[in-house]
Amino acid sequence: MKKLLIPALLLATASSYGALSTATGNRLTDYTNWFANPFAVASDANYVGVPYPSSNTPNGTDIDNADRDWSGWTANWAATGLKSTIPNPFANPLSSGVNLKVEVVFLGETAGWWDDWGYTLNGVTDVILADSVQTVGWQQNRWFGDYDVINLLPGQSLDLFITGTGKKSNVPDGVPSIGSSGGKYYVYDTDNNLPNLSDQQSYFGTLIPLTSTRGVDFLDPFTIVAFEDIRVGGSGRDSDYNDFIFAYRSSFDIPQGGVPEPSTYGLIGAAALLGLIGYRRFKKA
């Protein structure tokens, strides 16, 4: 077990578009090797048809495995969803005595709408990572590889979400915007989706990095999630599930000056655990 998956980082300074930082140097090299082809879509302006989760494209054999292994896509609803596997993945137990780091990486979007991306802390407080995301032209405000490392103290929890804003304009107000045909869609607790009947909004898959310019401490698995931003029954819904795409992973940060009890070592981030489970199933297939 590695003691540290993600370096201890301060949260990025909030900007008008959220708390993301721009990836540079070896971090950007890693993100490019792991995600850029085919997950780094940049809006409908240059979309080439991949990924297309509802047709399981790319599947587990469609992309090279020199830098990564990929599981293929699974529908994120009902019995197949992430919630059915791990009900509360980002809950840091009070007894852990360590901080949980959640690394999130923006990969791309193909939505005509300017959608929001964020997380709900402790089931109550919404934190916006990116307002009104746009990735083409002079209006571009987000780039492939934009990232954050979220620090969860013992007793805290979070769930990631995107919103279908229903707007084709910039609305950086810091509050999730939900259009009449859009909604608010969570990664794990899809029972909290708005509207509540929109429980078929995303697909997920497991990506295992095999190489890293930063060393072996950065080879832990990611979950990639891809969303349809129009609600079930909403006008214009095409169910392509590539309107907004991001990756995330988590791990406990062992504090300096102390060694945790052996039980603490077993409290790995649930996203990493889920990734390893998916990877083993993929390798056995």
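Quick check, is residue 85 buried (at least 19 other Cβ atoms within 10 Å of the Cβ), touching a residue at least 24 places away in the same chain (Cβ under 8 Å) and over 26 Å from residue 215 (Cα atoms)? The answer is no for residue 85. Could we say that residue 185 is in a strand (DSSP E or B), touching a Pro at 6+ places or on another chain (Cβ under 6 Å) and closer than 25 Å to residue 43 by Cβ here? Answer is no for this residue.
Just so you know, in region 108-130 the residues that are among the polar types (S, T, N, Q) and in a strand (DSSP E or B) include one that is surrounded by the fewest Cβ atoms within 10 Å (Cβ to Cβ), and it is 125. Which one of the conditions (1) farther than 13 Å from residue 176 by Cβ; (2) aliphatic (A, V, I, L, M); (3) under 16 Å from the mean Cα position of the chain (by Cα); (4) not in a strand (DSSP E or B) does residue 133 fail to meet, given that it meets all the rest? In the conditions (1) farther than 13 Å from residue 176 by Cβ; (2) aliphatic (A, V, I, L, M); (3) under 16 Å from the mean Cα position of the chain (by Cα); (4) not in a strand (DSSP E or B), residue 133 misses (1) alone.
The number of residues in region 147-177 that are buried (at least 19 other Cβ atoms within 10 Å of the Cβ) and either farther than 30 Å from residue 97 by Cα or of a type in the set (Phe, Trp, Tyr) (or both) comes to 9. The single condition among (1) without any contact (Cβ under 8 Å) to a residue 24 or more places away in the chain; (2) over 26 Å from residue 200 (Cα atoms) that residue 56 does not meet is (2).
Taking region 203-221 as the range and being out of contact with any Ser or Thr (no Cβ under 8 Å at 6 or more places or on another chain), modelled with pLDDT of 90 or more and not hydrophobic (A, V, I, L, M, F, W, C) as the test, the residues that pass are 209, 211, 212, 214, 215.
Taking residues in region 230-246 that are loosely packed, with under 15 Cβ neighbours inside 10 Å, and partners anywhere that are at pLDDT 90 or above and not in a loop (DSSP other than H, G, I, E, B), the pairs with Cβ atoms closer than 8 Å and at least 6 places apart or on different chains are 239/54.
The values are calculated or read from the model by the stated rules, or taken from the named source; none is laboratory data. Nothing here was measured: the structure is a model prediction, and the numbers come from that model. No Cβ is skipped: glycine too gets one built from the backbone with ideal geometry, and neighbour counts run over all protein chains shown.
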